[in-house]
Amino acid sequence: MNTDQAPLTPLVACLCATWCRVCDSYHEVFAQLRERHPGIRFVWVDIEDDEELVGDLEVETFPTLLVGQGAQLQFIGPVTPQLATAERLLAGLAGADAVAASPAAQALLARLQHSCS
């Protein structure tokens, strides 16, 4: 790693659907996360409205969070819609290694990093 470069900004994407009532309640939690963590980019992704962006990734449980830093996918999976749960997840991922993920999840992270830069 080149220590002369600034670290890459972490990205947290909430993968949801308009029809999902649990996702509706997660909007406020996600907004609170954004306020509490100004050094992280937060992106709300509707899997149907943003179908081209989501690509081949199958999301079965909502809300699902995707967390990455640069090209490194650190987490993808469903979360319960409580602020404390998301806070613990983010704290636990600080400095975490990449996880093994499907090519579709890795491709989504790359598209999100590109579209959100």
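The values are calculated or read from the model by the stated rules, or taken from the named source; none is laboratory data. Predicted model only: the values in this text are computed from it and were never measured. Surface areas here come from the heavy atoms of the whole protein model, side chains and all, with no ligands, DNA or RNA. Shrake-Rupley method; radii C 1.70, N 1.55, O 1.52, S 1.80 Å.
If one computes the Cα centroid of segment 38-54 and of segment 73-107, what distance in Å separates the two points?
So the two Cα centres are separated by 15 Å.
Leaving out ligands, DNA and RNA, what percent of the accessible area of the chain is carbon and sulfur, probe 1.4 Å? Provide the component values of the computation, followed by the final result.
Working: 3630 of 6740 Å².
The C+S portion of the solvent-accessible surface of the chain is 54 percent.
Might you tell me the accessible area per residue for segment 21-117, computed with a 1.4 Å probe and given in Å²? Walk me through the numbers on the way to the answer.
Numbers: 5450 Å² over 97 residues.
That works out to 56 Å² per residue.
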